[in-house]
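Reviewing the structure listed below.
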Number of protein chains: 2
Amino acid sequence: MLDLLNQHRTIRKYTEQPIDNELLNKLLTTACRASNTGNMQAYSVVVTTDPDIKQQLAPAHFNQPMIKQAPVVLTFCADYNLFSKWCEQRQAEPGYDNFQSFMATAIDTLLAAQTFCIAAESVGLGICYLGTTTYNAQEIIAALKLPKLVVPITTITVGYPADMPEQTDRLPLEAVVHRETYTDFTPADINRIYAEKENSDFYKQFVAENNKETLAQVFTDIRYTKKNNEFFSDKFMDALKIQGFLK
Amino acid sequence: MLDLLNQHRTIRKYTEQPIDNELLNKLLTTACRASNTGNMQAYSVVVTTDPDIKQQLAPAHFNQPMIKQAPVVLTFCADYNLFSKWCEQRQAEPGYDNFQSFMATAIDTLLAAQTFCIAAESVGLGICYLGTTTYNAQEIIAALKLPKLVVPITTITVGYPADMPEQTDRLPLEAVVHRETYTDFTPADINRIYAEKENSDFYKQFVAENNKETLAQVFTDIRYTKKNNEFFSDKFMDALKIQGFLK
């Protein structure tokens, strides 16, 4: 089991083999066993296989080819729609149109999503998370007809792997784990933590190809820029407001 | 593997057996294999075992007994502190003090957290998620000395199970899964989806014990009230601001 988790790779290319619907339902049922707040199950998953709807989703994901190529696209959503409608139908006044409720449902959504991914990998499927979901939530809301109190949090493309890429590197554990309380990093800590990554031929070439001086500059100037992050911050906050989560 | 995931239960009572440090590091290393945005690994985990620091954390979690009783308390944090400091040290201007970056790191944090939980369960440990983390983030920030750009997202108590409770129920899959696009629920759908839950002796007793007319009212009037949700919404938004994620 640890072996399976330790062997995780993001799979971006899939064979043409479709995913059996019964298997997919079994994996989704397993995903729902994940822990969730108060057992409210305030999340939803939109399963998209139709080429026309995938086509509508594609621009929201900056036309990354996995959307069209994967047999199944899963959009995992924070969702207080069903729960709130149930409350209204049972003489109860729902109070879930606020940021704290959004955080609770977003957390539950992600625990279910990751459980789905691990379940899928255990039966030989490959997955890819698309971080574009929170960039272009509004376009996804339109394409998938998401009602109020439903906001897409992450998208997973799923299929049988057409290749098995190398695993990506990870920082040493001291980059992530703190003992008892948080110990902030000294310049020497930072040099040590990033040394292996920065000295690898792979990243040296990556920096050169991007015409930058340091690996960090590839992130700040090209991949995840301040300007884009701020633009998409406003856009996602607007999506929360429009969907009714910022009362 | 699916069996393990399908057998998940939240464990709130632990034996006195400590968790071997080597095993814990192995599980945390596995957690770091989870997918993450741009391989930035922008998250952190504070491992707390010291009774004094657990004592300081306890009120933030409304003194739920698991905090003191579990051998290990893990606070999983959205964290752009290390990455931003690395950027600054490498002549790169970080732009991660905004809401979109917070969402990206919160997502990555939760994928790592759930991977940890599944890894832990696979070696016989039991876990409990504490949703109080986003209620009282500020108190946790103080207790764990979290710097700017670090915000606790979820807390997991871990230990060897002292009992094995019954599994909790789940709604039928149609409550969660939508095909192609979202299909909103009719009153008849809602009656059907909640029928089994509402008709169970367990929940009938639960409603009676809480002196309510409907199960939904137990949620809206007692467990997750509008008033509390709104109070803790403002408080968590303030925590994001103070920690520097709302530029």
Beyond a 24 Å Cα-Cα separation, which of these cross-linked pairs lie in this structure: A:LYS212/B:LYS26; A:LYS148/B:LYS148; A:LYS212/B:LYS85? A:LYS212/B:LYS26; A:LYS148/B:LYS148
Under a Gaussian network model of chain B whose springs join Cα atoms within less than 10 Å, the largest fluctuation of B:THR105, B:THR225, B:THR157 belongs to B:THR225
If I take R0 = 30 Å and measure r between the Cβ atoms of A:ASP20 and B:MET164 in this structure, what FRET efficiency does the formula 1/(1 + (r/R0)^6) give, to the nearest 0.05? 0.40
What is the log10 of I(q)/I(0) for chain B, computed with the Debye formula using one identical point scatterer on each Cα and no solvent, at q = 0.13 Å⁻¹? -1.00
Loop by DSSP (not H, G, I, E, B), at most 16 other beta-carbon atoms within 10 Å: where is the longest site-free stretch of chain B for GluC sites (Glu not before Pro)? B:17-165
Karplus-derived 3J(HN,Hα) from phi for segment A:241-246 (6.51 cos²θ - 1.76 cosθ + 1.60, θ = phi - 60°), whole Hz, x at Gly and Pro, runs 5, 4, 7, x, 9, 10
Reachable aspartates and glutamates from A:LYS13, Cα under 19 Å, same-chain residues fewer than 8 places away excluded? A:ASP50, A:GLU121, A:ASP163, A:GLU166
Ranking of B:CYS77, B:CYS117 by count of other Cβ atoms within 10 Å, fewest first: B:CYS117, B:CYS77
Show me, for segment B:88-95, the HN-Hα J-couplings you get by feeding each phi into the Karplus relation (A = 6.51, B = -1.76, C = 1.60, θ = phi - 60°), rounded to Hz, glycine and proline as x. 4, 6, 10, 6, 10, 9, x, x
Could you work out how far the C-alpha centroid of segment A:46-77 sits from that of segment B:51-96, in angstrom? 35 Å
Restricting to DSSP H runs of at least four residues, report the calculated mean residue ellipticity at 222 nm for chain A, -39500 (n - 2.57) per run over all residues, nearest 500 deg cm²/dmol. -13000 deg cm²/dmol
At a Förster distance of 30 Å, what's the computed FRET efficiency of B:VAL207 paired with B:GLN7, Cβ-Cβ distance as r, to 0.05? 0.60
Where only C-alpha atoms are counted, convex hull volume of segment A:173-223 per residue in Å³: 96 Å³
Run the simple label-point estimate for B:ARG223 and B:GLN69 please: 7 Å along Cα→C-beta, distance reported in nm. 1.9 nm
Relative to the other copies, what are the label-point distances for A:PRO65, with labels 7 Å from Cα along the C-beta vector, expressed in nm at one decimal and sorted shortest first? 5.8
Write down the Å³ per residue value for the convex hull defined by the alpha carbon atoms of segment A:1-92. 159 Å³
For segment A:121-186, the spread of Cα positions along each principal axis, largest first, Å: 47, 35, 19
Short version: what are the Cα gyration tensor semi-axes of the protein assembly as shown, square root of 5 times each eigenvalue, largest first, in whole Å? 33, 28, 23
I want to verify a result. In a Gaussian network model of chain A, Cα cutoff 10 Å, which of these has the top mean-square fluctuation: A:PRO161, A:PRO187, A:PRO59? A:PRO187
Shortest first and in nm to one decimal, what separations exist between A:VAL207 and its copies in the other chains, measuring from label points 7 Å along the Cα-to-beta-carbon line? 6.5
Say the cut-off is 25 Å between C-alpha atoms; which of B:LYS68/B:LYS227; A:LYS68/A:LYS197; B:LYS68/B:LYS247; A:LYS145/A:LYS241 go over it? B:LYS68/B:LYS227; A:LYS68/A:LYS197; B:LYS68/B:LYS247
7 Å along Cα→Cβ for the label point: how many nanometres lie between A:ASN191 and each equivalent label in the other copies, listed shortest first? 7.3
Using only alpha carbon pairs under 8 Å that are at least six residues apart, calculate the relative contact order of chain B and give it in whole percent. 27 percent
Can you give me the long-range amide H partners of A:THR214? Hydrogens built in the peptide plane at 1.01 Å from N, cutoff under 5 Å, separation of 5 or more residues or another chain. none
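Read the figures in this text as sums done on the coordinates, not as results from a lab. Because the structure is a prediction, the values reported are computed rather than measured. Every residue, glycine among them, receives a Cβ derived from its backbone with ideal geometry; neighbour counts consider all protein chains shown.
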